[in-house]
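What follows draws every value from the coordinates through simple rules; no lab data is involved. Predicted, not measured: the structure shown is a model, and the values here were computed from it. Please note: Cβ atoms are built from the backbone with ideal geometry, for glycine as well, and neighbour counts cover all protein chains shown.
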Amino acid sequence: MSITRKMKRGFTLVELMIVVAIVGVLAALAIYGVRKYIANAKTAEARNSLGQMSKDASAAYSRENMAGTVLAPGASAANSNALCTTSTSVPASAGSISGKKYQSTVDEWNAGTQTGGWTCLKFSMQDPQYYQYTYTSASATTFKGDAIGNLDGDSDLSTFSISGAVAAGVVNIAPNIVETNPEE
């Protein structure tokens with residue numbers, strides 16, 4: 001009479017260690033990918049806002065800026081186009097966005113006049129922001145928009161800039177945003 005044994009086959013220790021090592025490598029790759037994705041999503045705020053700011057600067061230049069006085073019959077007034085003058089920074093201090101979000105107020109974006117600042121640009125943000133925004137117009141023919149951030153709260157800053165210039169009565173905007181340390 002022969003006795004047949006059923007051998008119960010299980011996993012060896014080596015096979016289990018290989019599976020654990022593979023899962024560990026995949027987890028490390030996933031963590032890196034997710035961190036990269038989150039940082040890219042946060043920097044999208046700066047890119048989108050600077051794009052909108054440059055469009056607003058172009059639209060502000062296209063508006064006719066004539067005197068608000070009544071013209072006498074038969075008189076005329078010259079049309080004038082001008083870039084908006086320099087704005088204040090929102091938030092005022094870069095420390096307000098160091099490793100955190102900042103909720104700006106309506107008053108910060110209403111700073112300026114009809115010919116300068118955020119009021120002239122008609123640019124504002126209602127949602128909490130990761131970046132400090134500034135618009136500067138160094139001359140009557142050039143402007144620059146900046147977004148400065150510090151996503152991880154260390155001493156390194158992220159800087160995004162877009163510039164534009166008036167040539168032959170048309171506002172030309174740079175085709176790219178200049179980025180320095182975009183994921184800092």
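Points to keep in mind about this one:
- Matching residues in the range 85-98 - criterion: being under 15 Å from the mean Cα position of the chain (by Cα) and assigned to a loop (DSSP other than H, G, I, E, B): S89, P91
- Residue match in the range 56-74 (condition: in a loop (DSSP other than H, G, I, E, B), among the small types (G, A, S), farther than 22 Å from G169 by Cα and touching a strand residue (DSSP E or B) at 6+ places or on another chain (Cβ under 6 Å)): no
- From the options Q103, Q114, Q132, Q126, residue that is more than 29 Å from P175 (Cβ to Cβ), polar (S, T, N, Q) and in contact with a helix residue (DSSP H, G or I) (Cβ under 9 Å, 6 or more places away or on another chain): Q114
- Matching entry among S104, S158, S98 (being in contact (Cβ under 8 Å) with a residue 24 or more places away in the chain, under 30 Å from Y32 (Cβ atoms) and in contact with a Pro (Cβ under 8 Å, 6 or more places away or on another chain)): S158
- Hey, F123 aromatic (F, W, Y), surrounded by 15 or more Cβ atoms within 10 Å (Cβ to Cβ) and in a loop (DSSP other than H, G, I, E, B) or not: yes
- Within the option set G117, G145, being under 28 Å from K42 (Cβ atoms), surrounded by 12 or more Cβ atoms within 10 Å (Cβ to Cβ) and either acidic (D, E) or over 17 Å from the mean Cα position of the chain (by Cα) (or both) holds for one residue only, G117.
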